[in-house]
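Peer 1: First the structure, which I've put down as structure tokens, then a few questions once you've had a look.
The values are calculated or read from the model by the stated rules, or taken from the named source; none is laboratory data. It should be emphasised that the depicted structure is a prediction, and the values quoted were computed from it without experimental measurement. For neighbour counting, all protein chains shown are included, and Cβ atoms are generated from backbone atoms with ideal geometry for every residue, glycine included. The protein model used for the area step is the full one, side chains on, heavy atoms only, and it has no ligands, DNA or RNA in it. Shrake-Rupley method; radii C 1.70, N 1.55, O 1.52, S 1.80 Å.
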Amino acid sequence: MMAATMIPKQILQELGLSDSTGIHYQLSPEELAEQTVLRGQGVFNDTGALCIQTGEFTGRSPKDKFIVKDAITADSVDWNGFNIPIEEKYFHQLKKKLLDYLGEKEEIWVRDAHACADPSHRLNIRVINEHPWSNLFAHNMFLRPSEEELSGFEPEWHIIQAPGFKADPAVDGTRQHNFAILSFTHKTILIGGTGYTGEIKKGIFSVLNFILPNERNVLSMHCSANMGAEGDVAVFFGLSGTGKTTLSADPNRKLIGDDEHGWTDSSVFNFEGGCYAKTIDLSEEKEPEIFRAIRPAALVENIHFYPGTQKIDFSSKLITENTRVSYPLGYISNALEPSIGGLPKNIFFLTCDAYGVLPPISRLSAGQAMYQFISGYTAKVAGTEAGVTEPKTTFSACFGAPFLPLHPGKYAEMLGEKMRKHEVNVWMVNTGWSGGPYGVGNRMKLAYTRAMITAALEGKLDNVAYETHPVFGMEMPLSCPGVPSEILNPRSTWADSAAYDTKARDLALQFVQNFEKYASGVSEEILQAAPKTN
């Protein structure tokens with residue numbers, strides 16, 4: 001804790017708040033948790049973690065995230081269904097209303113923090129919250145400055161968040177009463193009408209996805225990363241359900257981070273100081289590190305207890321399937337601190353292909369890597385969403401479309417450039433189905449997937465023979481230690497080869513149709529890496 005008494009007054013003046021507003025500055029996790037419970041906003045579970053409910057919203061609201069369209073963003077942001085423009089006048093209007101709302105409160109919570117573990121790219125952030133538990137989330141997820149760093153702290157960006165404040169869409173330029181608005185000119189994120197804490201984290205991720213590639217030649221990535229004993233770094237991209245968290249959590253390697261990273265000319269570094277993990281169906285057996293991280297200072301969201309107890313029922317979906325826990329990175333036993341690794345040696349694109357078409361592991365050329373990166377493919381299966389009765393194709397550009405202010409081609413070109421410069425292997429790993437589509441074939445065994453990734457990491461796939469996939473073009477190894485050779489070519493696992501060919505062409509056509517919206521913003525090399533549809 002820092003004892004500088006001038007900080008709160010400075011904050012009051014900076015935000016235009018009245019002297020009567022009480023500011024809780026830089027409180028400890030214990031203090032924030034106790035204040036939450038005293039205010040009736042949360043309870044402790046049987047292991048001492050703070051459990052809260054985020055209210056109306058239990059997930060992000062992508063259609064209510066706006067970017068101020070101004071001189072900085074007008075010609076640089078890729079305006080689309082995720083990057084929605086809003087006029088600057090509405091930003092000023094809502095900022096004043098938000099601060100007036102907070103100014104009427106008897107107390108607010110303020111925290112100074114960093115993003116980016118690499119000091120040369122560090123971003124100073126000041127977070128202003130209506131509730132103590134939101135401030136605890138900021139403590140867990142951002143990097144925590146030392147007392148010495150706080151003594152001269154100058155915020156570059158502000159996050160002002162008040163779940164209880166609701167916009168008036170008729171006059172405030174929003175779609176409905178909740179909003180998240182980014183202004184790159186005023187370096188401020190406004191969040192109102194939603195208590196979902198992930199909006200805080202993803203707001204800064206969106207900021208970094210604009211600043212780092214645009215201004216600093218750093219590739220920002222929605223991925224996990226770990227590092228081996230020899231300093232070799234592996235990066236894992238993948239949408240929900242593909243195994244990103246499970247496969248990057250390797251007891252033999254140090255975890256750099258589980259979600260957001262930057263890639264410079266000399267390193268991969270974590271943006272965050274914590275983890276924000278899903279807890280649905282969590283068990284100590286399946287995810288021991290996450291399970292054991294649910295202890296004092298952790299913040300658990302939207303869960304239910306077993307009746308008459310303070311024990312969490314992780315199977316409960318009564319509030320949402322998107323139950324979450326945030327905790328400091330140091331709660332993971334093999335976390336690398338500071339969370340900065342060397343250059344990547346291997347990149348893995350994880351996909352859960354429910355059609356049974358893609359190989360269990362394949363090596364990609366630079367063009368293919370960029371094409372697959374922009375595509376960001378996986379497939380949801382029956383039971384994961386209401387109304388899904390057969391595999392459903394899902395594409396998310398660069399495995400993180402909602403958080404990318406720039407055209408996906410920009411991130412892909414940077415990936416290709418860095419991949420070539422540093423001679424990085426890029427692998428596609430199918431954690432989905434083999435021997436047929438969902439309902440016919442079988443899910444790839446986790447033991448085989450781990451064996452394939454280990455073989456790639458250890459260089460045991462560098463000198464084996466490969467064959468080319470006739471539709472998607474990637475190279476498939478003919479052998480891999482610890483894996484039956486007969487499963488390495490997906491076509492040979494199907495009882496009906498003609499049925500496989502039909503399904504592969506169908507999937508290829510979906511790739512091509514999805515890619516049409518990006519075609520005008522990418523190079524010819526990327527376009528040539530498209531799968532064959534005839």
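Peer 1: For a test of the definition: using alpha carbon positions, the gyration tensor, and the 1.5 limit on a/c, classify region 43-201 as rounded, prolate or oblate.
Peer 2: oblate
Peer 1: Here is a follow-up. For LYS317 and GLN528, FRET efficiency with R0 = 51 Å and r from the beta-carbon atoms, rounded to 0.05?
Peer 2: 0.70
Peer 1: Give me the percent relative contact order of the chain, please, defined on Cα pairs under 8 angstrom at least 6 residues apart.
Peer 2: 13
Peer 1: Check the straight Cα-Cα distances from LYS286 and name the lysines below 22 Å, setting aside those fewer than 8 residues away within the same chain.
Peer 2: Straight-distance partners of LYS286: LYS244, LYS254, LYS278, LYS311, LYS317, LYS380, LYS445.
Peer 1: Also, I was wondering about something else. Give me the accessible area per residue for the chain, probe 1.4 Å, as a whole number in Å².
Peer 2: Averaged over the residues of the chain, the accessible area is 39 Å².
Peer 1: Multiply the residue gap between ASP19 and ILE280 by 0.36 nm, knock off their C-alpha separation, and tell me the result in nm, one decimal place.
Peer 2: Computed gain between ASP19 and ILE280 is 89.6 nm.
Peer 1: Around HIS158, which amide H atoms from residues at least 5 apart in sequence, or from another chain, sit under 5 Å from its own amide H, with H modelled in the peptide plane?
Peer 2: ARG126, THR188, ILE189
Peer 1: Moving on. What do you reckon, how do LYS187, LYS63, LYS95 stack up by accessible area (1.4 Å probe), largest on top?
Peer 2: Output order, biggest surface exposure first: LYS63, LYS187, LYS95.
Peer 1: Here's another thing I want to ask about it. Only sites in a loop by DSSP and with at most 14 other Cβ atoms within 10 Å count here; which trypsin sites (Lys or Arg not before Pro) in region 501-534 make the cut?
Peer 2: Listed in order of number, the matching sites are LYS532.
Peer 1: Grab the Cα-Cα distance for ARG175 and SER479, subtract it from 0.36 nm times how many residues apart they are, and report the gain in nm with one decimal.
Peer 2: 104.1 nm
Peer 1: Quick one: which residues, 5+ away or cross-chain, put their amide H under 5 Å from the amide H of ALA530? H built at 1.01 Å from N.
Peer 2: none
Peer 1: Counting other Cβ atoms within 10 Å, which GluC sites (Glu not before Pro) in region 454-534 have at most 16 and lie in a DSSP loop?
Peer 2: Of the GluC sites (Glu not before Pro), the ones in loops of region 454-534 whose Cβ has at most 16 other Cβ atoms within 10 Å are GLU458.
Peer 1: Sticking with this structure for a sec: Rounded to the nearest 5, what % of DSSP beta bridges with both residues in the chain are antiparallel?
Peer 2: Among the beta bridges of the chain, antiparallel pairing accounts for roughly 60 percent.
Peer 1: When the chain is fully extended, how far beyond the present Cα-Cα distance does ASP100 get from ALA71, taking 0.36 nm per residue of separation?
Peer 2: Gain in length upon complete extension: 7.7 nm.
Peer 1: Select from region 259-293 those trypsin sites (Lys or Arg not before Pro) which occupy a DSSP coil region and have at most 11 other Cβ atoms within 10 Å, ordered by residue number.
Peer 2: Here the trypsin sites (Lys or Arg not before Pro) that fit, given the DSSP loop and packing criteria, are LYS286.
Peer 1: Just grab the label-to-label distance for ARG505 and GLU30, each label 7 Å out from Cα along the Cβ direction, in nm (one decimal).
Peer 2: If labels sit at ARG505 and GLU30, their model points lie 6.8 nm apart.
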